[in-house]
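Asker: For reference, the structure I am asking about is given below.
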Amino acid sequence: NAGVTQTPKFQVLKTGQSMTLQCAQDMNHEYMSWYRQDPGMGLRLIHYSVGAGITDQGEVPNGYNVSRSTTEDFPLRLLSAAPSQTSVYFCASSPLGGEAFFGQGTRLTVV
Amino acid sequence: DAKTTQPPSMDCAEGRAANLPCNHSTISGNEYVYWYRQIHSQGPQYIIHGLKNNETNEMASLIITEDRKSSTLILPHATLRDTAVYYCIVRVEGGSYIPTFGRGTSLIVHP
């Protein structure tokens with residue numbers, strides 16, 4: 001089982017560029033979420049989804065968009081990258097009432 | 001969800017038991033205690049969870065006090081690979097749930 005797969009693992013962007021971080025899970029989980037983690041900090045929730053077609057904002061949603069057209073995929077879009085979005089991004093999925101499974105992260109640097 | 005309080009850091013000698021405390025004094029009767037850990041640069045990993053009885057699995061043991069206001073995660077024979085940040089979370093079992101994380105406890109296992 002692949003679990004939760006994030007791509008790319010590393011990315012460098014210039015300020016103002018846009019890009020999409022990919023997240024896919026093969027466990028048929030209803031819930032998916034995106035977090036960012038800055039040095040010395042815990043994980044902060046960006047956006048989440050409780051099922052295909054349903055998304056909602058977390059703690060730090062500004063500058064990010066998401067969509068959930070299928071159960072498996074939950075991409076995170078940066079519309080106009082800023083240096084403040086330099087961070088490590090984690091995607092997670094969980095079944096109804098179960099524990100969360102996390103991907104290995106995408107390390108993003110915005111210069 | 002009830003808030004949790006954990007010490008920011010702890011250390012432990014290799015081969016000894018690591019006991020990580022968590023205070024959750026406002027926990028409700030239908031809230032479970034979950035533990036995750038995050039090894040450096042990796043995605044968080046589920047460890048164990050419980051409601052009111054003590055629980056044990058291949059990774060750890062979870063001791064919950066009778067009043068359920070605090071719990072202790074026990075790694076019985078800590079190894080260098082257990083060096084990580086440990087997160088204690090309380091949540092209602094079942095239903096829509098997206099985990100939110102505090103700062104956790106940074107455990108350093110030394111030789």
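Asker: B:Y32 passes all but one of (1) touching a Gly at 6+ places or on another chain (Cβ under 7 Å); (2) open to solvent by 70 Å² or more (accessible area, probe 1.4 Å); (3) of a type outside the set (A, V, I, L, M); which number fails?
Answerer: Of the numbered conditions (1) touching a Gly at 6+ places or on another chain (Cβ under 7 Å); (2) open to solvent by 70 Å² or more (accessible area, probe 1.4 Å); (3) of a type outside the set (A, V, I, L, M), the odd one out for B:Y32 is (2).
Asker: Taking into account only those residues within the stretch A:45-59 that are within 8 Å of chain B (Cβ to nearest Cβ) and assigned to a strand (DSSP E or B), which is surrounded by the most Cβ atoms within 10 Å (Cβ to Cβ)?
Answerer: Ranking the candidates gives A:Y48 first.
Asker: Considering the stretch A:60-81 alone, what residues qualify as being within 14 Å of chain B (Cβ to nearest Cβ) and either in contact with a Leu (Cβ under 8 Å, 6 or more places away or on another chain) or under 16 Å from A:G16 (Cα atoms) (or both)?
Answerer: A:V60, A:V66
The rows are residues; the columns are (1) under 14 Å from the mean Cα position of the chain (by Cα); (2) within 14 Å of chain B (Cβ to nearest Cβ); (3) open to solvent by less than 10 Å² (accessible area, probe 1.4 Å).
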{"position": "A:Q22", "(1), (2), (3)": "yes, no, no"}
{"position": "A:P83", "(1), (2), (3)": "no, no, no"}
{"position": "A:V88", "(1), (2), (3)": "yes, yes, no"}
{"position": "A:A92", "(1), (2), (3)": "yes, yes, yes"}
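Asker: In the stretch A:6-20, how many residues are within 13 Å of another protein chain (Cβ to nearest Cβ) and surrounded by 15 or more Cβ atoms within 10 Å (Cβ to Cβ)?
Answerer: Count: 1.
Asker: Follow-up. Could we say that B:S106 is surrounded by fewer than 19 Cβ atoms within 10 Å (Cβ to Cβ), touching a residue at least 40 places away in the same chain (Cβ under 8 Å) and either within 14 Å of chain A (Cβ to nearest Cβ) or under 26 Å from A:S87 (Cβ atoms) (or both) here?
Answerer: Spelling it out, B:S106 is indeed surrounded by fewer than 19 Cβ atoms within 10 Å (Cβ to Cβ), touching a residue at least 40 places away in the same chain (Cβ under 8 Å) and either within 14 Å of chain A (Cβ to nearest Cβ) or under 26 Å from A:S87 (Cβ atoms) (or both).
Asker: Yes or no: A:G40 within 10 Å of chain B (Cβ to nearest Cβ), out of contact with any Gly (no Cβ under 7 Å at 6 or more places or on another chain) and free of Cβ contacts under 8 Å to residues at least 12 places away in the same chain?
Answerer: Spelling it out, A:G40 is indeed within 10 Å of chain B (Cβ to nearest Cβ), out of contact with any Gly (no Cβ under 7 Å at 6 or more places or on another chain) and free of Cβ contacts under 8 Å to residues at least 12 places away in the same chain.
Asker: Any residue at all in the stretch B:67-77 that's within 14 Å of chain A (Cβ to nearest Cβ) and on the phi < 0 side of the Ramachandran plot?
Answerer: The answer is no; no qualifying residue exists.
Asker: Out of B:T72, B:T26, I need the residue that is assigned to a loop (DSSP other than H, G, I, E, B) and of a type in the set (S, T, N, Q). Which one?
Answerer: Of the residues listed, the single one that is assigned to a loop (DSSP other than H, G, I, E, B) and of a type in the set (S, T, N, Q) is B:T26.
The values are calculated or read from the model by the stated rules, or taken from the named source; none is laboratory data. The structure displayed is predicted, hence computed values, not measured ones. As a convention, Cβ positions derive from the backbone with ideal geometry for all residues, glycine included, and neighbour counts pool all protein chains shown. Ligands, DNA and RNA are stripped out before the accessible areas are found, and what is left, the full protein with its side chains, is counted by its heavy atoms. Shrake-Rupley method; radii C 1.70, N 1.55, O 1.52, S 1.80 Å.
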